[in-house]
Amino acid sequence: MSQTTVDRPVDTEPPTTTHATDPKGRSITRIVVAVGFALIVAILLLLIFTGSSEESSRITIGFSLNSFFLWLGAMNPLIQIPVILAVFGLVVGIILVLIEYAPRPGRGYFIMRLVACLVIPVLAFLLLRPYANAVLYVVAIALLVGALLFFADFRSRQGAGYLFQLILFMAPASIMLALGLIYPAIATIFKSFYDKSGEQFVGLENYFWVFTNPTGTASVVNTILWALLAPTISVAIGLAYAVFIDRARGEKVLKVLVFMPVAISFVGAGIIWKFMYDARQGEQVGLLNAIVTAFGGDPIQWLAIKPVVNTLMLLVVFIWTQTGFAMVILSAAIKAVPTEQLEAAQLDGTNAWQRFRNVTVPGIRSSLIVVLTTITIASLKVYDIVAVMTGGRDETTVLGFEMVNQQQRFQSYGHSSALAVVLFLFVLPLIIYNARSMAKQREIR
């Protein structure tokens with residue numbers, strides 16, 4: 001009598017830890033992690049405020065990011081590309097191997113996770129070649145970070161290996177985000193309280209300059225003007241285009257023509273419209289002045305008329321490039337409005353305007369908000385149009401342009417940083433509003 005065996009599927013899920021159901025164990029984990037992060041912050045502050053003397057040499061482990069880029073720069077450009085691809089592939093391969101194998105249960109995988117948690121942070125910090133008097137701080141921070149990760153991962157509710165895998169997935173993007181966004185933002189805020197050289201603390205003096213100096217005040221006022229008029233007019237014209245073009249023959253061709261300026265860069269649009277506003281002695285090449293002189297008038301320096309008029313002339317360029325974007329988004333939103341609602345409103349005896357105001361507009365409210373906030377953020381950080389057309393002269397400067405101008409032309413890092421912080425404060429409410437709107441939409445879905 002033969003006996004058959006049934007292969008049972010192997011459970012590859014990581015085992016859950018006992019403290020997952022133990023309130024005391026979870027509280028111990030939280031306390032240890034909190035204390036660890038407090039120690040990391042304390043060591044980091046010591047590292048920052050201790051500083052490094054000019055005589056202090058940098059420590060190297062025989063290889064650093066700086067030496068790698070110097071070595072790469074000495075190569076032929078045709079060789080640099082495959083080398084970069086090979087290094088990138090090697091790093092990605094190591095990450096994938098760790099993600100695939102290290103989270104598995106078993107003593108060998110346990111050791112692999114432990115080594116990765118301790119060695120990778122230390123190597124990453126030492127690749128930056130810290131100063132000799134900062135090596136102890138750097139190694140301490142790296143070891144603490146790795147130890148905390150390993151401890152939290154070992155006591156994870158989902159089982160050992162879960163947090164390790166999750167953090168390994170998130171680490172590349174998080175590091176790039178920290179180096180490219182978070183660190184510069186914090187450094188800019190700090191610099192806004194120092195003088196133009198960035199050495200002497202001056203408190204709020206740079207912010208007083210922003211709101212009292214004619215140049216700083218003009219940049220703030222013009223930025224507010226851009227943020228109020230640009231999105232409102234762009235959305236109004238784009239909405240009108242969306243409504244009327246949808247009912248016209250040759251809808252696709254008309255939409256392409258209206259959308260074409262969106263594909264033009266702000267620099268290109270600025271150059272085009274600068275020729276439109278051009279004024280010179282003799283024959284006029286600028287369209288506006290050609291019309292003026294054709295009726296017997298004198299050429300007008302449109303971009304030199306202040307206050308406000310020249311800023312409005314720049315706004316026309318921005319609106320021209322954004323109207324097509326608004327039209328495309330709103331046209332798609334209008335087509336998504338249920339026809340049953342429009343037919344019901346028509347049966348109630350409403351006219352076209354009433355149906356548009358009471359049915360269509362409420363139906364596209366979310367799209368209107370997205371378009372308005374997107375164009376508003378773009379108008380707040382505009383730089384190219386002002387730089388190409390006026391260079392900020394004749395009171396046309398805005399925060400985005402003046403921020404760069406103060407740093408590059410006048411080498412005033414304090415004023416530039418203060419302008420950047422003010423610009424960030426202008427944009428921040430829109431970002432928060434968008435984030436809350438998206439969260440509400442997810443709850444509804």
- Message: Here's a check for you: in region 62-88, which residue that is more than 17 Å from Val119 (Cβ to Cβ) and part of a loop (DSSP other than H, G, I, E, B) is least open to solvent (accessible area, probe 1.4 Å)?
- Response: Met75
- Message: When the residues of region 352-375 are narrowed to those that are touching a Ser or Thr at 6+ places or on another chain (Cβ under 9 Å) and among the hydroxyl-bearing types (Ser, Thr, Tyr), which ends up farthest from Leu428 (Cα to Cα)?
- Response: Ser366
- Item | Within region 142-254, helices (runs of 4 or more DSSP H) holding 1 or more residues that are modelled with pLDDT of 85 or more, surrounded by fewer than 13 Cβ atoms within 10 Å (Cβ to Cβ) and of a type in the set (Phe, Trp, Tyr) | 183-191, 205-212, 214-245
- Select, from Phe325, Phe318, Phe295, the only residue that is touching a residue at least 12 places away in the same chain (Cβ under 8 Å) and either open to solvent by 50 Å² or more (accessible area, probe 1.4 Å) or over 25 Å from the mean Cα position of the chain (by Cα) (or both). Phe325
- Task: Just give me the residues in region 220-240 being more than 17 Å from Ala378 (Cβ to Cβ) and under 26 Å from the mean Cα position of the chain (by Cα), in sequence order.
- Result: Val220, Val221
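Kindly evaluate Val309 against the criterion of being under 18 Å from Gly391 (Cβ atoms), open to solvent by less than 40 Å² (accessible area, probe 1.4 Å) and either in contact with a Cys (Cβ under 8 Å, 6 or more places away or on another chain) or of a type in the set (Val, Ile, Thr) (or both).
So Val309 fails the test.
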- Query: If you go through region 328-364, how many residues are open to solvent by less than 50 Å² (accessible area, probe 1.4 Å), more than 27 Å from Leu229 (Cβ to Cβ) and either touching a His at 6+ places or on another chain (Cβ under 7 Å) or touching a residue at least 40 places away in the same chain (Cβ under 8 Å) (or both)?
  - Reply: 0
- Query: Which one of the conditions (1) surrounded by 15 or more Cβ atoms within 10 Å (Cβ to Cβ); (2) in a helix (DSSP H, G or I) does Val91 fail to meet, given that it meets all the rest?
  - Reply: (1)
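When you scan region 281-292, how many residues do you find that are surrounded by 12 or more Cβ atoms within 10 Å (Cβ to Cβ) and among the small types (Gly, Ala, Ser)?
Number of matching residues: 2.
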- Restricting attention to region 264-280, which residues are small (Gly, Ala, Ser), open to solvent by less than 60 Å² (accessible area, probe 1.4 Å) and under 28 Å from the mean Cα position of the chain (by Cα)? Gly268, Ala269, Gly270
- Task: Could you check, for region 17-27, whether at least one of its residues is modelled with pLDDT of 80 or more and either in contact with a Gly (Cβ under 9 Å, 6 or more places away or on another chain) or in a helix (DSSP H, G or I) (or both)?
- Result: yes
- Message: Suppose we filter region 138-167 for residues that are under 19 Å from Val41 (Cβ atoms), of a type in the set (Gly, Ala, Ser) and touching a Pro at 6+ places or on another chain (Cβ under 8 Å); how many remain?
- Response: 2
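The values are calculated or read from the model by the stated rules, or taken from the named source; none is laboratory data. What you see is a predicted model, and the numbers here were worked out from it, not measured in a lab. In this analysis, Cβ positions are derived from the backbone assuming ideal geometry, glycine residues included, and neighbour counts consider all displayed protein chains. Heads up: the accessible areas ignore ligands, DNA and RNA and are worked out on the full protein's heavy atoms, side chains in. Shrake-Rupley method; radii C 1.70, N 1.55, O 1.52, S 1.80 Å.
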